Amino acid sequence: TAHLAAVILTRAWTYAPDHVTRLLESEWKPRNDFDTQLWFLLQESSGWTAELFDLAALVLKRTPVHGYHFHHMLSTLGAEQPDLALNLTVIKLDRDLAEATDAALAQAPRQDSGNPREDVAWRLLHAPDRPITQLFESDESWESLEALARAHPKLFLDALWPWFERVFAVLKQIKPGDPDALGYPLNLLLDYRFDYEERLGLPETPILGALRVAVEEAAAQSPDWFETWLDAHESEEAAPAQRLFAHAMAAQPKRFAAHAARFMLGDRRRWLLGSIHDDTGTTT
């Protein structure tokens, strides 16, 4: 019956959108067993209101939405209302991060078996940070996210940078670094694929790729805004963030040379920014 209702209500969006919204709020909002039909109807809506955004946010918080269905929403809504699309992305990613954090914290350490090869293999597969880094290695299609980053870099960074900060904080909690290390925490985690660095034949993970594109485009399109944004965030204690900041300034040398000089001289750890192939590649 719910499937039949969804078909009828999909047609009704065109001539009675307020009535459809009231029906969804009164009948399906209080129950999560209709969330599949509710999400289907939301993505077929021709015009989003605050009420529809609240319904979508509720579904994302309480029900796993398959990547394909979310990205269909992202591509259609992002074309008309990119701010809403990015805010929904943050809600989905926050749910994903919470689940990954629980999985990471639940992993029990293993006693050495006496077989070094088996022990090393087990640690690679069950590293405490693995559930978090897998968020970035998802095979879900995030092309729409990169398109939004390219078209609306400032909106993207305003919405998603706080989520990346939460990722850095969780990783540092799960995998504390060596306090005597010369570089920043999380070195060699969440690796980018900058064009001028050796990629080792590995593809760029899509979420990190979208972040890279947003920072590059913000620096190129709105350098004054970007410098203000950079001033607010460049103290982030995480190597992936520091690499990204350095990369953005290096991509626009005539505009950011003075800022880059202050940046490099402001913390000696910035002389050790690089990839697994070259640990000073970004610095260079």
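The values are calculated or read from the model by the stated rules, or taken from the named source; none is laboratory data. Everything numeric in this text was worked out from a predicted model, so none of it was measured. As a convention, Cβ positions derive from the backbone with ideal geometry for all residues, glycine included, and neighbour counts pool all protein chains shown. The area values use the complete protein model at the heavy-atom level, side chains included, leaving out ligands, DNA and RNA. Shrake-Rupley method; radii C 1.70, N 1.55, O 1.52, S 1.80 Å.
Key figures
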| quantity | calculated |
| --- | --- |
| Which numbered condition residue 68 fails, given (1) part of a helix (DSSP H, G or I); (2) without any contact (Cβ under 8 Å) to a residue 60 or more places away in the chain; (3) open to solvent by 40 Å² or more (accessible area, probe 1.4 Å) | (2) |
| Residue list for segment 79-97, restricted to those being open to solvent by 10 Å² or more (accessible area, probe 1.4 Å), in a helix (DSSP H, G or I) and of a type outside the set (A, V, I, L, M) | 80, 82, 83, 87, 92, 94, 95, 96 |
| Whichever residue in segment 231-284 is in contact (Cβ under 8 Å) with a residue 12 or more places away in the chain and acidic (Asp, Glu) and, among such residues, is farthest from residue 190 (Cα to Cα) | 234 |
| Residues of segment 5-28 classified as part of a loop (DSSP other than H, G, I, E, B) and either closer than 22 Å to residue 74 by Cβ or in contact with a Ser or Thr (Cβ under 6 Å, 6 or more places away or on another chain) (or both), total | 1 |
| Filtered residue count, segment 199-248, keeping only those that are touching a Ser or Thr at 6+ places or on another chain (Cβ under 7 Å) and not aliphatic (A, V, I, L, M) | 2 |
| Selected residue (only one of 23, 41 is over 16 Å from residue 89 (Cβ atoms) and crowded, with 18+ Cβ neighbours inside 10 Å) | 41 |
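Condition check ((1) at pLDDT 90 or above; (2) of a type in the set (A, V, I, L, M); (3) farther than 24 Å from residue 168 by Cβ) across all residues:
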residue: 50; (1), (2), (3): yes, yes, yes
residue: 61; (1), (2), (3): yes, no, no
residue: 88; (1), (2), (3): yes, yes, no
residue: 121; (1), (2), (3): no, yes, yes
residue: 130; (1), (2), (3): no, no, no
